[in-house]
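All remarks here apply to the structure that follows.
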Amino acid sequence: MAARVKPGGCLARGNLRPVRLGEQLRLSGRGAFRRECAPGANPVSGLFQPKMSGKLYIRAMKVSLLVFLALAAGSFAQADAVPPQPVPAHKQISSQLPRLAVLDVELSGDLGGPGLASEHADRLNMASAKLRDELRRGGLFQLVGNTPAQELIATLKSQQLYLHDCNGCDLDVGRLLGVDQVLVSWVNRVSNLILTLTYEIHDVRTGEIVARKSYDFRGDNDTAWSHAIVYMVQDMKEQSKSPSSP
């Protein structure tokens, strides 16, 4: 009698004894044999494989390939991802410091006549650069450059005698630069021997004077001016450590 093959099953013919296991056949015995499978069966595994058209097969392969590529890309991205680096402590501290704009040092009082105008102009440039350098090294503020506000500063200088005494016009510079505070400073020249260096720090939001101090010094020359500025910034640092400082 011919052996009956269930759908999805395979039958081995020959000098063998078929022993059915579910939908598959286990073959025992000796001799040559061949396998006969139902339509749609896999002759290797004996498991039923539904027939698929050529177009559906190609589409399924494309979908499988796209899924594989997406998973592979995700694996490479995770492997190449750089973990976030901690922010250095000095940068964290710097970001917490008040943003400060420093206007140029000005000269008031007895100017000594036209013959000293050029000398004083050079000395004011030196003093302004020295002040910014000392403040930057002092670590009390986050200094912001004045370049974006140069046009406004030039206009104000053409309209005002002093920017340290212009009814708050320096606050407009601070707002344009987006800073928290503005520092103005000036030297009052009483004579060629007696001079006073003064600074004020203005809060841009409120317009209040948050710090102010004056320092007497002797000698209208580059060395004396430079020493006065260094001393002023050192004193500002000491004041910042004092509990009673504003």
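Laid out as a table, the results:
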{"item": "Some residue of region 177-190 being surrounded by fewer than 17 Cβ atoms within 10 Å (Cβ to Cβ), assigned by TED's automatic domain parsing to the domain that holds Asp110 and more than 24 Å from Gln96 (Cβ to Cβ)", "result": "yes"}
{"item": "Search result, residues across region 191-226 that are more than 37 Å from the chain's Cα centre (by Cα), surrounded by 14 or more Cβ atoms within 10 Å (Cβ to Cβ) and of a type outside the set (Val, Ile, Thr)", "result": "Leu195, Leu197, Tyr215, Phe217, Gly219, Asp220, Asp222, Ala224, Trp225"}
{"item": "Answer from Ala77, Ala129 - the residue that is at pLDDT 95 or above and of a type in the set (Gly, Ala, Ser)", "result": "Ala129"}
{"item": "Filter result for the condition that a residue is assigned by TED's automatic domain parsing to the domain that holds Ala117, modelled with pLDDT of 95 or more, in contact with a Cys (Cβ under 9 Å, 6 or more places away or on another chain) and exposed (fewer than 13 other Cβ atoms within 10 Å of the Cβ), over Gln159, Gln150", "result": "Gln159"}
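Conditions (1) without any contact (Cβ under 8 Å) to a residue 40 or more places away in the chain; (2) at negative phi; (3) not hydrophobic (A, V, I, L, M, F, W, C), marked per residue:
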| position | (1), (2), (3) |
| --- | --- |
| Leu171 | yes, yes, no |
| Asp203 | yes, yes, yes |
| Lys213 | yes, yes, yes |
| Asp222 | no, yes, yes |
| Tyr231 | yes, yes, yes |
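The values are calculated or read from the model by the stated rules, or taken from the named source; none is laboratory data. Quantities reported herein were computed from a predicted structural model and do not represent experimental measurements. Note that each Cβ is placed from the backbone with ideal geometry, even for glycine, and that neighbours are counted across all protein chains shown.
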